[in-house]
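The values are calculated or read from the model by the stated rules, or taken from the named source; none is laboratory data. Everything numeric here is computed off the predicted structure, so don't read it as measured data. All Cβ positions, glycine included, derive from the backbone under ideal geometry; neighbour counts span all protein chains shown.
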Amino acid sequence: MSQNIAIIGSKGAIGKGFVDFYKKQNPSNSILSLSRKNKEADDEFFIDIEDEGSVCDAADLCSKKGPFDKIIIATGILHGVDFSPEKTLKNLNKENMMKVFSINTLGPALVARYFIPLMKKESPSILGFLSARVGSISDNQLGGWYSYRASKAALNMIIKTLSIEVARNNKNAVIVGLHPGTVESNLSNPFQGNVPDGKLFSPEHSVTQMAEVMNKLTPSDSGNCFAWDGKRIEF
């Protein structure tokens, strides 16, 4: 059965992986690609998740293509040109921290505000956010990475809170976080040397795994975060 799918952050390694996967899965799937790198086309829309006006405009354009079976938010930041994850408290920098929260937490929250009304209601539909295991408070054993950990923990709280509110009007909605594992990408590139053998995934492998996880989700799973292997991550 063909699906109507929107991928936000479609030019990143994982976002592009999702676009390619669903195109190959079924050529009849309708895939909308949204990115800051896009130029307007029939299936490509511009979006800047740090700009509420841009998110609103993109949702308005997508509404003409909806409703959607899946909306996947594949955006995120771990480091920048001039900053890295904090190793200690002494490395905290207000501007860098605000940038990480802007992209990892506030942007996805804005996307949810404007795109949730575009989810299908008559059948199960999924809003999937790229989250991360390091956003789990109970799983934090090593410390460090203050901004990234905190931004993903905040995102997980938003996911949980959204799931409660949205269920009141859309009983078929599934709103979840997805942990892709460590994926070969610009985001992970500076840290790949520390990844154990067999734990660095290609975008294709990670996306295939997450797509399989989403296939098994039901509305009773809404509000949770799931890893690439299908295991639920405790917040």
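Summary of computed values
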quantity: Long-range neighbours under 8 Å by Cβ, at least six apart or interchain, first residue closer than 15 Å to residue 132 by Cβ within segment 146-169, second charged (D, E, K, R); calculated: 146/86; 147/86
quantity: Failed item, numbered, when residue 100 is tested on (1) part of a loop (DSSP other than H, G, I, E, B); (2) under 20 Å from residue 132 (Cα atoms); calculated: (1)
quantity: Top-ranked residue of segment 194-207 - restricted to ones that are of a type outside the set (A, V, I, L, M, F, W, C) and under 15 Å from the mean Cα position of the chain (by Cα), ranked as surrounded by the fewest Cβ atoms within 10 Å (Cβ to Cβ); calculated: 203
quantity: Residue match in segment 63-83 (condition: loosely packed, with under 14 Cβ neighbours inside 10 Å, of a type outside the set (A, V, I, L, M) and more than 25 Å from residue 173 (Cα to Cα)); calculated: yes
quantity: Looking only at segment 209-235, and only at residues there that are polar (S, T, N, Q) and surrounded by fewer than 17 Cβ atoms within 10 Å (Cβ to Cβ), the one that is nearest to the chain's Cα centre (by Cα); calculated: 215
quantity: Candidates 173, 150, filtered to the one that is modelled with pLDDT of 95 or more, aliphatic (A, V, I, L, M) and within 23 Å of residue 50 (Cβ to Cβ); calculated: 150
quantity: Check on residue 118, at pLDDT 95 or above and over 25 Å from residue 221 (Cα atoms); calculated: no
quantity: Criterion (touching a residue at least 40 places away in the same chain (Cβ under 8 Å), out of contact with any Phe, Trp or Tyr (no Cβ under 6 Å at 6 or more places or on another chain), of a type in the set (A, V, I, L, M) and under 26 Å from residue 153 (Cα atoms)) met by exactly one of 13, 59; calculated: 13
quantity: Tally, over segment 41-89, of residues that are polar (S, T, N, Q) and within 19 Å of the chain's Cα centre (by Cα); calculated: 2
quantity: Test set (1) surrounded by 17 or more Cβ atoms within 10 Å (Cβ to Cβ); (2) assigned to a helix (DSSP H, G or I); (3) out of contact with any Lys or Arg (no Cβ under 9 Å at 6 or more places or on another chain); (4) among the β-branched types (Val, Ile, Thr) - residue 174 fails condition number; calculated: (2)
quantity: Count of segment 119-133 residues which are buried (at least 21 other Cβ atoms within 10 Å of the Cβ) and either of a type in the set (A, V, I, L, M, F, W, C) or out of contact with any Phe, Trp or Tyr (no Cβ under 7 Å at 6 or more places or on another chain) (or both); calculated: 8
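Let's see how each residue does on (1) of a type in the set (Phe, Trp, Tyr); (2) within 30 Å of residue 67 (Cβ to Cβ); (3) in contact with a strand residue (DSSP E or B) (Cβ under 6 Å, 6 or more places away or on another chain):
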{"position": "128", "(1), (2), (3)": "no, yes, yes"}
{"position": "137", "(1), (2), (3)": "no, no, no"}
{"position": "146", "(1), (2), (3)": "yes, no, no"}
{"position": "153", "(1), (2), (3)": "no, no, no"}
{"position": "159", "(1), (2), (3)": "no, yes, yes"}
